[in-house]
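Written out below as structure tokens is the structure these notes cover.
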Amino acid sequence: MNESEISPKTKKIKNFEKAQAVEKLRAELLLKMTAMTPEIHYDDSLDASRIASSIVTKRKVESLDFFSFAEEWISKNSLKSTKNYNCTLNALEAFLKRRVLDFSEINYTLLKNFEIYLSDRPRAKSMYLGYMRHLYREAMLEYNTDEVTVIKNDPFMRYKAPKQVMKKGVRALTMEDILKVYHYCRTVPGGNANEIRLCLS
């Protein structure tokens, strides 16, 4: 088919029979592509390069595990909580007895069992599962696009990370309480800056 067979105004094929044949081929190709990659939403705005990019992204994510993504994400972000993120991964590795975890394996049951595994460490239980949720959703933001949804399910919509519960009779200090302690420490005979910092630490 050459350019003379296409209308310069409508950009459509002039010959009706040829136009029907091309449309039939297009429909068949679309069905095959949809069957191969159902997560890609095909429409007229998608060109070949975007389709290829979507398929490559899908394959990349299918071979990516949670630990690999988390380690790369942590290395790219300067965080005060880097140590806590690494502790989360180490605890998860100890629980799984392996350092490989496909995103498809992360579901309600796994998260609940990890919570039970950490039951004797209430602060860690709350913190580690909260960090896992953050990392999981960062992966969703990075790999899901308008055309492709590679991480389809968010288990944290159903699973709720436990909140840290303070022991009975223990309450958090208010700023007023902290100032009272600070001023008291300053009045202690022989008190010094180190003792004040110790009181407030």
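With each label modelled as a point 7 angstrom along the Cα→C-beta vector, the residue 137-residue 28 pair spans 4.7 nm. Each of 110, 89 was scored by other Cβ atoms within 10 Å of its Cβ. Arranged with the fewest first, they read 110, 89. Its relative contact order, with pairs defined as Cα atoms under 8 Å and 6+ residues apart, puts the stretch 66-157 at 32 percent. Note on the stretch 66-157: Cα Rg divided by 2.2 N^0.38 Å, N the number of residues, gives 1.07. For the stretch 72-102, the set of trypsin sites (Lys or Arg not before Pro) satisfying both a DSSP loop assignment and a count of at most 12 other C-beta atoms within 10 Å is given as 80, 97, 98.
Taking other C-beta atoms within 10 Å as the exposure proxy, 10, 149 rank 10, 149 from fewest upward.
With the simple spin-label model, which puts each label point 7 Å out from Cα in the Cβ direction, the residue 149 to residue 82 separation comes to 3.6 nm.
Among 137, 26, a tally of other beta-carbon atoms within 10 Å of each Cβ gives an order, fewest to most, of 26, 137.
Since every read-out is calculated from the coordinates, none of them should be taken as a lab result. In this text the structure is predicted, and so the values were computed from the model without any measurement. Glycine also receives a Cβ, built like all others from the backbone with ideal geometry; neighbour counts cover every protein chain displayed.
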